[in-house]
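The values are calculated or read from the model by the stated rules, or taken from the named source; none is laboratory data. Since the structure is predicted, the reported quantities are computational estimates derived from the model, not experimental observations. Glycine gets a Cβ as well: all are built from the backbone with ideal geometry, and neighbour counts include every protein chain shown.
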Ligand SMILES: [Zn+2]
């Protein structure tokens with residue numbers, strides 16, 4: 001303040017000249033005006049810095065304050081591209097591993113399907129073998145090819161003819177389906193095959209190739225790493241009356257007729273239908289039920305879908321890529 005700059009001096013002089021009131025001694029008057037104007041200039045220059053320093057936090061550093069402001073701008077865009085995955089309830093259910101709750105939080109089976117197909121569900125992977133929306137076909141091997149379910153059980157209320165097992169959620173749903181068939185008077189069903197490991201599928205496929213040749217085997221049996229049975233949520237059923245029948249006899253049984261109509265009510269769909277071989281890559285298998293959970297199975301039924309590929313807008317998979 002002892003060395004005011006030329007600008008304030010000139011301004012002070014002009015202000016002093018315009019003042020019509022009786023003048024105090026000239027030196028004291030000029031010094032007062034210079035001091036007041038200088039204070040004003042200092043305040044004008046310093047105020048924005050003081051304010052921005054307060055906004056930028058303890059460092060008072062402008063360059064440190066700007067990046068957070070800039071990165072906060074795209075937030076609305078981010079929420080849009082996340083689609084249903086921007087919903088807290090969807091993310092929480094995903095993190096908890098509760099697939100059905102994820103689908104419900106996304107608006108139900110049909111809303112979930114539509115979101116996946118339109119790209120509005122980037123957190124949903126149709127390749128995740130631990131999820132009930134996984135799609136396995138000749139173009140979509142399990143990832144990794146020897147993936148295994150985290151836990152498996154022998155179904156409690158359905159006979160498992162070969163001692164096979166299923167994932168708990170599919171086993172529970174199969175029990176409810178068997179109860180439903182019995183209550184409807186359709187008869188008893190039994191599980192001929194449930195979970196099959198990569199190693200088991202290798203020998204299963206090899207048996208088909210040995211018996212029928214590779215071309216026919218590929219219409220009836222998946223190569224190892226490409227079987228839905230490896231997910232633990234797929235089951236082959238047979239009908240049991242006096243004894244249990246075979247796979248080929250299932251469609252003509254009262255149990256098979258009932259299952260074709262009601263499996264969706266228990267969260268299952270018939271994965272390989274007649275007339276869909278050019279999409280699924282397999283001949284019709286009325287005995288092969290794939291668990292999707294109640295929400296997705298209802299959407300599949302209500303939408304009159306005939307393959308999971310079409311349901312999720314995926315390419316047809318009639319043949320292997322190699
Ligand atoms: Zn099967």
inquiry  = For region 295-305, check the following and say yes or no: at least one residue is in the same structural domain as residue 168 (by TED's automatic domain parsing) and within 28 Å of residue 202 (Cα to Cα).
reply    = no
Residue ID - nearest to the ligand (Cβ to nearest atom), chosen from residues in region 224-247 that are within 36 Å of the chain's Cα centre (by Cα) and surrounded by fewer than 21 Cβ atoms within 10 Å (Cβ to Cβ) = 236
task = Determine which member of the set 181, 190 is assigned by TED's automatic domain parsing to the domain that holds residue 287, away from the ligand (no atom under 11 Å from the Cβ) and part of a helix (DSSP H, G or I).
result = 181
query = Quick check: is even one residue across region 273-281 at positive phi and either without any contact (Cβ under 8 Å) to a residue 24 or more places away in the chain or within 15 Å of the ligand (Cβ to nearest atom) (or both)?
reply = yes
message = Condition (residue is in contact with a strand residue (DSSP E or B) (Cβ under 8 Å, 6 or more places away or on another chain), assigned by TED's automatic domain parsing to the domain that holds residue 185 and without any contact (Cβ under 8 Å) to a residue 24 or more places away in the chain) applied to region 250-265: is it met by at least one residue?
response = no
task = Looking for whichever is surrounded by fewer than 23 Cβ atoms within 10 Å (Cβ to Cβ) and within 12 Å of the ligand (Cβ to nearest atom) here; the options are 261, 285. Which one fits?
result = 285
